[in-house]
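Q: Starting off with a structure, shown below.
The values are calculated or read from the model by the stated rules, or taken from the named source; none is laboratory data. For clarity, every value in this text was computed on a predicted model and none was experimentally measured. Note that we place each Cβ from the backbone using ideal geometry, even for glycine, and neighbour counts take in every protein chain shown.
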Amino acid sequence: MRISTEVADALTERAPVVALESTVITHGLPRPHNLELAKRLEEVVREGGAVPATVAVVAGEVRVGLEPPDLERLASGGADKASLWNFAALLAAGRDAGTTVATTLFAAFGAGIKVFATGGIGGVHDTPFDESADLVALANYRVLTVCAGPKSILDAEATTERLETLGVPVVGYRSDRLAGFFVEETAIPLPSRVDDPAAAAAVLRAQERLGLGAGVLISNPVSSGLPRDRFDTWLQAARASAVAAGVHGRDTTPYMLDAVAKLSNGETMTVNLRLLEENARLAARIAAAYAGASSAAPDLVGAGVR
């Protein structure tokens, strides 16, 4: 693993750092929009007072914090997608790859980064035996993840139940219900909420003091989400298309997201870009709050958490 000088210096100084995934560069958007988004998300993190640490695999090496040539290389096309199950093989083959939520969490935890921002997490599909490795990573790597909930093509209720089983705290940010990715909220109630970045950071500190190994998931509803009924219509059509095309397994999520983007004439993509920025901004503020608080302060426990 190679950590950039900027990120390494920030970690040494206990300054705020936010990890960012790279599948949004390699598989999320066409060029040049993918490169523009990658740069914009790093800019948003800096505006929030933290150092961005985009994670990727470059020439078979895990990089934490990318230089401009690395971003250009990944955005040019041809990179694989690295999840936990193929991670080692891609490194051994010297490949380039974008990192998913799961592999970004692995790298962030290994580097000592406490906060990670993504769009939506993977989870449980509506077909049997199809679950994302993101859930395992959230349970195994103690990093606070800011997201807009499970991706909207997933079974949100089953995903929430699985997270509960795995012992992953799911905390609403200024909301009592699970975020709905493309739509603002689901109907699924959450056991706790926080209303400011310091309170979110306090949950991670409490998790650390308890010695629990799981991360913390902050559910941050997107502003101006899509109407549920309109999205459900697109989703049903996308599912029918996936069945007709024989799509299954790891190809399901990208196929479905692409299908709903086309059916919505790009409306879902617009919302996706918005939530990515909003999550990066919140993650930076949480990272700054975490870095600025004393780990020994007993009054942080439960402060602002309800």
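Q: Residues being more than 20 Å from Thr253 (Cβ to Cβ), free of Cβ contacts under 8 Å to residues at least 12 places away in the same chain and outside any helix (DSSP H, G or I): count how many of those fall in segment 78-93.
A: 0
Q: In the set Ala179, Ala111, Ala148, Ala158, which member is under 22 Å from Ala259 (Cβ atoms) and either basic (Lys, Arg) or over 16 Å from the mean Cα position of the chain (by Cα) (or both)?
A: Values: Ala179 fails: either basic (Lys, Arg) or over 16 Å from the mean Cα position of the chain (by Cα) (or both); Ala111 fails: under 22 Å from Ala259 (Cβ atoms); Ala148 fails: either basic (Lys, Arg) or over 16 Å from the mean Cα position of the chain (by Cα) (or both).
That would be Ala158, the only listed residue that is under 22 Å from Ala259 (Cβ atoms) and either basic (Lys, Arg) or over 16 Å from the mean Cα position of the chain (by Cα) (or both).
Q: For the subset of segment 94-125 comprising residues that are part of a loop (DSSP other than H, G, I, E, B) and in contact with a Gly (Cβ under 8 Å, 6 or more places away or on another chain), which member is nearest to Asn272 (Cα to Cα)? If you could, list the steps in order and put the result at the bottom.
A: At the first step, the residues of segment 94-125 found to be part of a loop (DSSP other than H, G, I, E, B) are 94-96, 100, 112-114, 118-120, 122-123, 125.
Next cut, in contact with a Gly (Cβ under 8 Å, 6 or more places away or on another chain) only: 94-96, 100, 120.
Values: Gly94: 31, Arg95: 28, Asp96: 25, Thr100: 16, Gly120: 9 Å.
Once the filter is applied, the top-ranked residue is Gly120.
Q: Mind listing just one residue for me: the one in segment 30-77 that is part of a loop (DSSP other than H, G, I, E, B) and under 18 Å from the mean Cα position of the chain (by Cα) and, of those, farthest from Ala97 (Cα to Cα)?
A: Our first condition is that a residue be part of a loop (DSSP other than H, G, I, E, B); within segment 30-77, this holds for 30-32, 48-50, 59-60, 65-67, 76-77.
So of that shortlist, the ones also under 18 Å from the mean Cα position of the chain (by Cα) come out as 48, 50, 65-66.
On the way: Gly48: 27, Ala50: 25, Gly65: 14, Leu66: 13 Å.
Here the residue is Gly48.
Q: Also, I was wondering about something else. Could you tell me whether any residue of segment 278-299 is polar (S, T, N, Q) and at pLDDT 95 or above?
A: To start, the set of residues in segment 278-299 that are polar (S, T, N, Q) comprises 279, 294-295.
So of that shortlist, the ones also at pLDDT 95 or above come out as 279.
Yes, there is a match, as at least one residue in segment 278-299 is polar (S, T, N, Q) and at pLDDT 95 or above.
Q: Which condition breaks for Val203 when tested against (1) at pLDDT below 95; (2) aliphatic (A, V, I, L, M); (3) under 22 Å from Ala117 (Cα atoms)?
A: For Val203, the failing item is (1).
Q: Shifting gears a bit: Would you mind telling me which numbered condition in (1) under 22 Å from Asn272 (Cα atoms); (2) crowded, with 20+ Cβ neighbours inside 10 Å; (3) modelled with pLDDT of 95 or more; (4) touching a strand residue (DSSP E or B) at 6+ places or on another chain (Cβ under 7 Å) Ser152 fails?
A: Unmet condition: (3).
Q: Can I ask one more? Of the residues Ile188, Ile218, only one is in the same structural domain as Thr145 (by TED's automatic domain parsing), under 30 Å from Val44 (Cα atoms) and crowded, with 22+ Cβ neighbours inside 10 Å; which? Walk me through how you get there before you give the answer.
A: Working: Ile188 fails: crowded, with 22+ Cβ neighbours inside 10 Å.
Checking each option against the conditions leaves just Ile218.
Q: Would you mention how many residues in segment 205-220 are in a helix (DSSP H, G or I), of a type outside the set (Asp, Glu) and in contact (Cβ under 8 Å) with a residue 12 or more places away in the chain? Reasoning before the result, please.
A: Going residue by residue through segment 205-220, those that are in a helix (DSSP H, G or I) are 205-210.
In the following step, the residues that additionally are of a type outside the set (Asp, Glu) were identified as 205-207, 209-210.
Of the ones still in play, those that are also in contact (Cβ under 8 Å) with a residue 12 or more places away in the chain are 205-207, 209.
Summing the residues that are in a helix (DSSP H, G or I), of a type outside the set (Asp, Glu) and in contact (Cβ under 8 Å) with a residue 12 or more places away in the chain in segment 205-220 gives 4.
Q: Still on this model: So Thr253 ticks every box in (1) at pLDDT below 90; (2) outside any loop (DSSP other than H, G, I, E, B); (3) more than 15 Å from the chain's Cα centre (by Cα); (4) surrounded by 14 or more Cβ atoms within 10 Å (Cβ to Cβ) but one. Which box is left unticked?
A: Every condition holds for Thr253 apart from (3).
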